[in-house]
Amino acid sequence: MEVIEQKIAERFDLYGCFQCGKCTGGCPVSLKSKLNIRRLMIEGILEKITENINEKKEIWDCTTCKTCTIRCPRGLKPMDLIIGIRSLLVEEGHIPKTIIEAMENAYKHGNPWGKPKGKRTEWLRLMPEGIRIKDFSQGDSAQYLYFIGCTASSDPRVQQVLKSLVICLQNLGIDFGILGSAELCCGNEIRRMGEKGLFEELMEANLKSFETYRIEHIFTACPHGFNTLKNEYPEGKFEILHTTQIIAKCIEEGKISLKKEFKKTLVYHDPCFLGKQNNIFDEPRLILDAIPGVILKEFDRSRQRSLCCEGGGGRMWVEASSEGQRLAEIRVKDAIELGVDIIVTACPFCLLTLEDAVKTTGNEEKICVMDLSELLAEVIQ
């Protein structure tokens with residue numbers, strides 16, 4: 001174990017930490033969890049991180065929102081340390097049952113939700129009559145690959161978002177195709193749950209598909225998929241964009257004219273993987289500002305300070321170790337205090353966690369949650 005400890009300290013440059021505590025101080029879950037990133041950094045330096053490691057249930061509370069890494073004045077990567085600790089737990093088999101199931105599903109079915117590969121394109125049945133979507137795996141070609149992602153392919157609620165987005169993209173004249181059943185999980189959440197080997201297998205399989213179909217330009221609506229395709233797949237292989245970037249560019253170039261009014265008061269929730277991890281803050285707001293009738297307000301904790309919804313880092317498949325108020329519920333409370341009608345976001349995980357929080361707080365009659373593409377579809381048609 002001493003060799004492992006030494007490697008951890010060196011791999012994550014823990015000796016450069018001067019214990020300011022900004023990592024824990026900025027962590028959105030630290031106030032309600034035993035998760036203490038600063039303490040983990042100390043244990044790594046003192047070569048004690050593996051002591052009672054199986055008892056540290058709070059390791060799974062981390063949402064990998066990256067706030068700790070962003071706030072580190074020494075440029076260290078505390079988030080990566082937590083992922084490294086999870087990898088040790090994965091190797092020893094000491095992980096929550098639901099995490100095991102998610103990983104097994106990703107290995108067997110190509111997605112952590114467990115939907116069979118052959119049903120990955122079932123969402124196509126939702127498309128209005130007359131809409132045809134190109135499929136690279138069926139011999140079609142297009143300018144862009146739309147990488148759908150596991151959640152949009154599997155979850156009925158997010159499939160409605162997918163339907164709205166396809167309508168918007170076709171109205172904008174965006175030339176895109178999909179991979180159909182050849183698309184596999186991007187591996188973002190798998191890597192953050194500590195299964196590096198499976199992540200690499202999924203990545204290699206997707207890269208092979210991209211090469212087979214000569215794909216050079218990719219966009220996705222999922223910030224988690226966007227993050228891993230852009231930052232963790234090999235650089236220079238292809239261009240990767242988020243859908244808000246494509247739509248915002250169309251608005252800036254005058255390719256879209258929104259005339260139908262949407263007289264509602266909105267607040268935009270910045271997804272961690274889109275905003276603080278990839279600095280995409282302005283494009284979603286530009287789109288909302290272009291919609292006639294919209295009154296757009298801001299959370300106090302917005303942009304780089306946006307409050308995590310607790311959906312990332314594998315948290316969609318494991319419950320928190322603490323019983324404190326969920327961050328998504330705090331987010332809903334803040335939105336109600338702002339007096340808005342709708343919380344708008346641009347992430348499937350945020351959509352699901354925030355909608356659930358609206359229900360658990362009993363505020364269904366006061367406020368609702370929409371994806372940005374759903375709102376856009378209402379005014380673009």
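Worth a mention:
- Magnitude of the charge dipole, region 257-380, Cβ model with Lys/Arg +1 and Asp/Glu -1, debye to 20: 260 debye
- Region 227-336: trypsin sites (Lys or Arg not before Pro) in DSSP loop, at most 15 other beta carbons within 10 Å: K237, K255, K259, K260, K263
- Loop-located chymotrypsin sites (Phe, Trp or Tyr not before Pro) across region 8-41 with a Cβ neighbour count of 15 or fewer within 10 Å are F18, with loop assigned by DSSP.
- Extension reserve of the R303-K48 stretch, reckoned as 0.36 nm per residue once the Cα distance is removed: 88.2 nm
- Neighbour counts of C-beta atoms inside 10 Å place V161, V379 in the sequence V379, V161, starting with the fewest.
- With N the number of residues in region 2-95, Rg(Cα) / (2.2 N^0.38 Å) evaluates to 0.98.
- Region 100-249, dipole about Cα centre (Lys/Arg Cβ +1, Asp/Glu Cβ -1), debye to the nearest 20: 340 debye
- Using only side-chain charges placed at the Cβ, +1 for Lys and Arg and -1 for Asp and Glu, the dipole size of the chain relative to its Cα centre rounds to 420 debye.
- The slack in the chain from N171 to K117, taken as 0.36 nm per residue of separation less the alpha-carbon distance, amounts to 16.5 nm.
- GluC sites (Glu not before Pro) restricted to region 1-110 and DSSP loop, no more than 15 other C-beta within 10 Å: E51
- Label-point gap, in nm, between Q19 and K7 - each point 7 angstrom along Cα→Cβ: 2.7 nm
- Distant-in-sequence amide contacts of I240, defined by a placed amide H-H separation under 5 Å and a gap of 5 or more residues or a different chain, comprise I218.
- The residue among C150, T228, M41 whose Cα reaches farthest toward the positive pole of the charge dipole of the chain, with charges on the beta-carbon of Lys, Arg, Asp and Glu, is M41.
- Note on P(r) over Cα pairs in 20 Å bins from 0, in percent: of the candidates [x] 28, 58, 14, 0; [y] 25, 53, 21, 0; [z] 22, 31, 16, 24, 6, 0, the value calculated from this structure sits at [x].
- Equivalent ellipsoid dimensions for region 111-162 as semi-axes, Å, which come from the Cα gyration tensor, largest first: 19, 14, 10
- Max mean-square fluctuation residue, GNM over the chain, Cα-Cα springs under 10 Å, options H242, H224, H94: H94
- Full-stretch length increase - L296, K208 - with 0.36 nm per residue and alpha-carbon distance subtracted: 27.4 nm
- The packing ranking, built from the mean of other Cβ atoms within 10 Å per residue, places the peptides 191-204, 111-124 in the order 191-204, 111-124, highest first.
- Across region 257-380 the C-alpha pair distances fall into 5 Å bins from zero in the proportions 2, 11, 22, 24, 20, 12, 5, 2, 1, 0 percent.
- Partners for K237 among lysines (Cα-Cα distance below 19 Å; same-chain residues under 8 apart left out): K208
A short reminder: the numbers here are calculations on the coordinates, not readings from a lab. Predicted model only: the values in this text are computed from it and were never measured. Backbone-built Cβ (ideal geometry, glycine too); neighbour counts: all protein chains shown.
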